[in-house]
Structures are given as C-alpha cells and as structure tokens.
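A.B. asks: Below you'll find the structure I mean.
The values are calculated or read from the model by the stated rules, or taken from the named source; none is laboratory data. For clarity, every value in this text was computed on a predicted model and none was experimentally measured. Note that each Cβ is placed from the backbone with ideal geometry, even for glycine, and that neighbours are counted across all protein chains shown. Each accessible area value is taken on the protein alone, full model and side chains, heavy atoms only, with ligands, DNA and RNA left out. Shrake-Rupley method; radii C 1.70, N 1.55, O 1.52, S 1.80 Å.
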Amino acid sequence: MIETVGTFAALTLPLWNIPLILKIRRRRSSRDVSLAWAYGVMACLVGMLPIALRSPDPVFRAFAIINAALFSLVVIHVVWYR
C-alpha cells in the first residue's frame with residue numbers, strides 16, 4: 001500500500017509543472033519566475049538523475065525521470081519567454 005501511494009505521488013508531483021508552463025505560455029512572459037531558481041532546480045535535478053537511474057527503487061527512478069523531463073520544459077519556457 002505504501003509503495004502504491006508513493007508511486008502515485010512520484011508520478012503525479014511532476015505534473016504540477018504543467019500549470020506553470022501553461023501560465024507562462026498564456027501570459028507570454030516568465031518575468032515572475034527567477035532564472036536563478038529555474039537553473040538551480042534544474043542543476044539539482046540533473047545532479048540527482050544519475051544516482052536515481054542506478055537506484056533499485058522504482059519510485060525514485062520514476063520520479064527523477066519524469067521530474068527532470070517536465071522541469072526541463074519549464075526551464076525552456078522560462079528562457080524562451082525571457
């Protein structure tokens with residue numbers, strides 16, 4: 001049960017990046033999102049990805065992969081609309 005809830009949360013949490021992407025696109029501006037924050041979070045996710053890929057924990061692997069992919073889209077939109 002705990003693993004099922006953890007897996008669901010790990011797969012759902014990164015989806016919250018989608019509303020941020022849509023907000024940036026709708027406003028055609030990313031001025032309210034700090035470049036330092038976006039780059040800092042991305043650097044942490046990229047730094048965490050190699051160990052996540054080697055982890056035997058499928059929840060951690062799924063979270064890291066999906067979060068890195070969706071947050072990459074956030075960073076692309078932040079930079080594009082700057």
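A.B. asks: Based on DSSP H runs of at least 4 residues, each adding -39500 (n - 2.57), what is the mean residue ellipticity at 222 nm of the chain after dividing by all its residues, to the nearest 500 deg cm²/dmol?
C.D. replies: -26500 deg cm²/dmol
A.B. asks: Once Cα extents along the principal axes in Å is worked out from the coordinates, which option in (i) 41, 24, 14; (ii) 45, 20, 14; (iii) 50, 28, 21 does it equal?
C.D. replies: (i)
A.B. asks: When the solvent-accessible surface of protein heavy atoms is calculated with a 1.4 angstrom probe, in what order do Trp80, Trp16 fall, highest first? It would help to have the intermediate numbers written out before the result.
C.D. replies: Working: Trp80 195, Trp16 175 Å².
Order by accessible area, largest first: Trp80, Trp16.
A.B. asks: Right, another one. What's the extension gain from Ile65 to Lys23 if we count 0.36 nm per residue and subtract their Cα-Cα distance?
C.D. replies: Going from the current span to full extension adds 12.8 nm.
A.B. asks: Next question, about the same structure. Carbon-plus-sulfur fraction of the accessible area of the chain, 1.4 Å probe, in percent?
C.D. replies: Details: 3940 of 5520 Å².
Carbon and sulfur together cover 71 percent of it.
A.B. asks: Counting other Cβ atoms within 10 Å, keep those with at most 16, restrict to DSSP loop, and tell me which trypsin sites (Lys or Arg not before Pro) in the stretch 1-34 are left.
C.D. replies: Answer in residue order: Arg28, Arg31.
A.B. asks: For the chain, what does the accessible surface come to per residue with a 1.4 Å probe? Please give it in Å².
C.D. replies: 67 Å²
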